[in-house]
Structures are given as structure tokens and as C-alpha cells.
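What follows is calculated from the coordinates using simple rules that are stated; it is not laboratory data. Values in this document were obtained by computation on a predicted structure and should not be read as measured data. Neighbour counts run over all protein chains shown; Cβ positions are idealised from the backbone, glycine included.
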Amino acid sequence: MSVLRVRDFEIHAGYLSLEQQAAMVAVLRECLAQAPLFQPVTPRGKPMSVRMSAAGEFGWISDRKGYRYERAHPSGVGWPRIPDTVLSIWRDLAPGARDPECCLINWYDGSAKMGMHQDRDEADLTHPVVSISLGDDALFRMGNTTRGGKTDSVWLRSGDVVVMAGAARRAYHGIDRVRPDSSTLLPKGGRINLTLRVVT
């Protein structure tokens, strides 16, 4: 494992072994059996290219009512608990922070991307966001605390973990593209991204 710092983003390359990645995918399948992936839409009604679900006390929802956290899946069922193997990563890389109340589960197919955005729907932005990559490589773009200006990009690979704290916690970031078939972790390809946050 190596640690790369780009701006204030801390990238732990190869944090998870192949065995740990496979075990985590198996646990996530159990979560998704309870709270299946759904396709969110923007407040303007445009479908997003990622599909998502969540674990924890809260899940993040995007629909015509806006962006927000909810205590239940759109189907009405409660979110599953955050798996212990996922929590252990947070506790290792975010020591001193409260345990996360939300673990977003985003699935990207080969054409999906995520536009530049800030994570700012949480009540206390002093806690970090921890992001875990599983499956196909993704081009991660890192920007500034205000929109626009120079950006930097790095390919995230399966097993990499990114910690966004300090200035990076408020920085714009996104996924420009996914490199299909760059990983054999997921039988049908694609990428899973987990993001852990303190909500309240």
C-alpha cells in the first residue's frame, strides 16, 4: 500500500487486498438484497447515470424534491446496517471521528460518471468523507473549494481508499469516466464506490 497526496486529498492506493475486496463485495450483495439499487433523478427530473443505495441510519436521496438524507429506502424499507468490514476502514483512516451514519453505495457501469460536486448536505463538515473503490478503474477529478479553476486527476483502482478531510472536505470532485473491463472483481464488470459520512 502507498499513500498519495494530491492537493488535500489523501489516496491510500491498494489499501484492500484482493481477498478483502471480494469479501466486501459479498457483504454488499447482502445489503443490496435488503435495499436494492435505484436510479436517482436530479431536482430537474434528469436521471443520473449512477445507480445507488445505502447502509446506515441514513441514505442520500435525489429526486424532484431535492437532495437530502432519508432514514428509509425509496421503497419504504429501512437501510441495512453498515458492515463491520467497512466501518473498520473508517476507524483506521479517520481516527477520532464519530462513526459514520451513512454509507452510500454507488454503482457505475462503463458509461456512468459523476459531475463535479461538493459533499455539503451534512450538518457537521468537520468530519471527513472516506471513499472506497471496488471494481473497474475510475478517473477521479479533484478541484477547489469554489467551482472552476485548475483541477488534478488520478485513476482510482479497485481497493483504493480516498480520505477527504481539511480543505478537501469542501472541495469539488467527480468521476470523469470508468475504464470498462479493467478489473475482474465484479463478474459483470462495473464499479462500486462506497462513501462514508457523518450526517448529523
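Counting helices only, and only those DSSP H runs with n ≥ 4, report the 222 nm mean residue ellipticity of the chain as the sum of -39,500 (n - 2.57) divided by its residues, in deg cm²/dmol to the nearest 500.
-4500 deg cm²/dmol
Can you run phi through the Karplus equation (6.51, -1.76, 1.60; θ = phi - 60°) for the range 179-190 and list ³J(HN,Hα) in whole Hz, with x for Gly and Pro?
Going residue by residue, I get 9, x, 6, 8, 9, 9, 4, 9, x, 9, x, x Hz, with x marking Gly and Pro.
Hey, can you grab everything whose amide H is under 5 Å from the amide H of Arg81? Only 5+ residues off in sequence or another chain; H modelled, so Pro and N-termini drop out.
Here Gly56 satisfy the definition.
Give me Leu87, Leu18, Leu156 ranked fewest to most by other Cβ atoms within 10 Å of their Cβ, as a rough exposure proxy.
Leu18, Leu87, Leu156
Output ³J(HN,Hα) for the range 102-110: one whole-Hz value per residue in order, computed from phi by the Karplus curve 6.51 cos²θ - 1.76 cosθ + 1.60 with θ = phi - 60°, and x for Gly and Pro.
Ordered by residue, 3J(HN,Hα) equals 8, 10, 6, 10, 9, 10, 10, 8, x Hz.
Under 8 Å for C-alpha pairs, at least 6 residues apart: give me the relative contact order for the range 2-197, rounded to a whole percent.
The value is 26 percent.
Whole angstrom only: what separates the Cα centroid of the range 18-46 from the Cα centroid of the range 114-144?
So the two Cα centres are separated by 16 Å.
In terms of modelled amide H atoms, which long-range or inter-chain residues lie less than 5 Å from the amide H of Val198?
Placed amide hydrogens put Glu101 under 5 Å from Val198.
List the lysines whose Cα sits under 19 Å from the Cα of Lys65, skipping any in the same chain fewer than 8 residues away.
Lys46
Which of the lysines could a cross-linker span from Lys150 if the Cα-Cα distance has to be under 27 Å and same-chain partners fewer than 8 positions apart are dropped?
Cα-Cα hits under 27 Å: Lys113.
Using the Karplus equation 6.51 cos²θ - 1.76 cosθ + 1.60 (θ = phi - 60°), what ³J(HN,Hα) coupling, rounded to whole Hz, does each residue of the range 157-165 give in order, writing x for Gly and Pro?
Karplus-based 3J(HN,Hα) across the range 157-165 equals 10, 4, x, 7, 10, 10, 10, 10, 9 Hz.
Return the single residue from Val162, Val130, Val25 with maximal mean-square fluctuation; model: Gaussian network over the chain, springs between Cα atoms under 10 Å.
Highest fluctuation of the listed residues: Val25.
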